[in-house]
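S.K.: Sharing a structure with you now.
The values are calculated or read from the model by the stated rules, or taken from the named source; none is laboratory data. Everything quoted here is computed from the prediction, not taken from an experiment. Ideal geometry is used to build each Cβ from the backbone, glycine not excepted, and the neighbour counts take in all protein chains shown. Each accessible area value is taken on the protein alone, full model and side chains, heavy atoms only, with ligands, DNA and RNA left out. Shrake-Rupley method; radii C 1.70, N 1.55, O 1.52, S 1.80 Å.
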Amino acid sequence: NNIAAGPVEEFGENGFDAAGPGGRFLKIGVGILKRDNDKYDRFHTYPILNEGKRNVRSTANSIRFDQDISGDPSGYGYSYTKTVTMVPGKAQMLIEDRLRNTGSKPIDTTVYNHHFTTLSQGNEAIELTAPFTLANTRPMPADVIKFDGKRMRYLRAIKGQEQVASDLTGYGGSASDNDFRITNTKTGYGVRLRADQPITRLLWWSVPSTLSLEPYMAISLKPGEEKRWTHTLDYYGPGD
């Protein structure tokens, strides 16, 4: 295949510190978890105390995931729907999310999409373009990565155990900055990644088998409030 890119979203924790040892906290998409360590670790497997009610529905070109949590003693509750659609007649994927706070406590967290993308072996000839001037906060190998204004380019393929990653900066507070293109400049194949929410953090991560652009978005919902957001992925080839 010339291109592969798909949706993998992750929410941050909610209420971990307030839960106290052994207490209940929230991770949307998973459920109510038990705090069994001193510091939140996103890679730690926390015991699931309440995964709520789940449902999956599909059509010929879409799939919808629902999760509802209510009546939990923690006071947290939500109704979450994620719909992934391949738009008929277009090389386009829509990822539409709806989150409603149905509990008695506020929800304050973040969400990001991994946007795992494979366009070449070792990310050879990959170029990222943004609506703003890109800069990195962590060192990235000079023989691999070159920044040029709104572009970040791979100068060579990476291999073995090499990993290239850093937070990227330069974005502002407008949703218009959440609009990127990742292109294999040798083949012309690529994907445009955009969302209708402002960025709160932007992470780039890559290993020889894949790369990931991770724009974080903030979620703050009082009881009864609802938020909707959409990621749009447009796939293109030479001449598009």
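S.K.: If a residue has to be open to solvent by 70 Å² or more (accessible area, probe 1.4 Å) and more than 20 Å from the chain's Cα centre (by Cα) to count, how many in segment 69-105 make the cut?
M.R.: Residues that pass the stated criteria total 9.
S.K.: Based on what the data block shows, is residue 116 at pLDDT below 95 and open to solvent by 50 Å² or more (accessible area, probe 1.4 Å)?
M.R.: Working: at pLDDT below 95: yes; open to solvent by 50 Å² or more (accessible area, probe 1.4 Å): yes.
Answer is yes for this residue.
S.K.: Please work out if residue 198 is in a loop (DSSP other than H, G, I, E, B) and open to solvent by 70 Å² or more (accessible area, probe 1.4 Å).
M.R.: So residue 198 does not fit the description; no.
S.K.: Just need a number here: residues in segment 159-184 that are among the polar types (S, T, N, Q), within 21 Å of residue 121 (Cα to Cα) and out of contact with any Lys or Arg (no Cβ under 8 Å at 6 or more places or on another chain). It would help to see each step written out before you state the result.
M.R.: Initial filter on segment 159-184 (among the polar types (S, T, N, Q)): 161, 163, 166, 169, 174, 176, 178, 183-184.
Checking the rest, the ones that are also within 21 Å of residue 121 (Cα to Cα) come to 161, 163, 166, 183-184.
If we keep only those that are out of contact with any Lys or Arg (no Cβ under 8 Å at 6 or more places or on another chain) too, we end up with 161, 163, 183-184.
Residues in segment 159-184 being among the polar types (S, T, N, Q), within 21 Å of residue 121 (Cα to Cα) and out of contact with any Lys or Arg (no Cβ under 8 Å at 6 or more places or on another chain): 4 in total.
S.K.: Can you tell me which condition residue 82 does not meet? The list is (1) modelled with pLDDT under 95; (2) assigned to a strand (DSSP E or B), and all the others hold.
M.R.: Here residue 82 meets the rest and fails (1).
S.K.: Residue 30 - would you say it is β-branched (Val, Ile, Thr) and modelled with pLDDT under 95? Before the answer, list the steps.
M.R.: Values: β-branched (Val, Ile, Thr): yes; modelled with pLDDT under 95: no.
Considered against the rule, which asks whether it is β-branched (Val, Ile, Thr) and modelled with pLDDT under 95, residue 30 comes out as no.
S.K.: Which one of the conditions (1) touching a residue at least 24 places away in the same chain (Cβ under 8 Å); (2) surrounded by fewer than 17 Cβ atoms within 10 Å (Cβ to Cβ) does residue 146 fail to meet, given that it meets all the rest?
M.R.: Status for residue 146: all satisfied but (1).
S.K.: Here are some conditions: (1) in a strand (DSSP E or B); (2) closer than 21 Å to residue 226 by Cβ. Residue 75 meets all but one. Which one does it not meet?
M.R.: Condition (1) is where residue 75 drops out.
S.K.: So, in segment 52-68, how many residues would count as being open to solvent by 80 Å² or more (accessible area, probe 1.4 Å) and not in a strand (DSSP E or B)?
M.R.: Adding up the residues that qualify gives 2.
S.K.: Which members of segment 133-153 meet the condition of being among the β-branched types (Val, Ile, Thr) and either over 17 Å from residue 172 (Cα atoms) or assigned to a strand (DSSP E or B) (or both)? Step through it out loud before you land on a result.
M.R.: Going through segment 133-153, the residues among the β-branched types (Val, Ile, Thr) turn out to be 133, 137, 144-145.
144, 145, listed by residue number.
S.K.: What number goes with the only condition from (1) in a loop (DSSP other than H, G, I, E, B); (2) of a type in the set (Ser, Thr, Tyr); (3) surrounded by 14 or more Cβ atoms within 10 Å (Cβ to Cβ) that residue 45 does not pass?
M.R.: Residue 45 satisfies every listed condition except (3).
S.K.: Give 43, 65 a once-over and let me know the one that is of a type in the set (A, V, I, L, M, F, W, C) and at pLDDT below 95. Talk me through it step by step, then tell me what you get.
M.R.: Numbers: 65 fails: at pLDDT below 95.
So the residue among 43, 65 that is of a type in the set (A, V, I, L, M, F, W, C) and at pLDDT below 95 is 43.
S.K.: Hey, among 56, 8, which residue is among the β-branched types (Val, Ile, Thr) and in contact (Cβ under 8 Å) with a residue 24 or more places away in the chain? Write out each step before concluding.
M.R.: Numbers: 56 fails: in contact (Cβ under 8 Å) with a residue 24 or more places away in the chain.
Going through 56, 8 in turn, the sole match is 8.
S.K.: When both residues are 6+ apart or on different chains and their Cβ atoms are under 6 Å apart, which pairs have a first residue that lies in segment 104-116 and is of a type in the set (Ser, Thr, Tyr), and a second that is in a strand (DSSP E or B) and open to solvent by 30 Å² or more (accessible area, probe 1.4 Å)?
M.R.: 110/218
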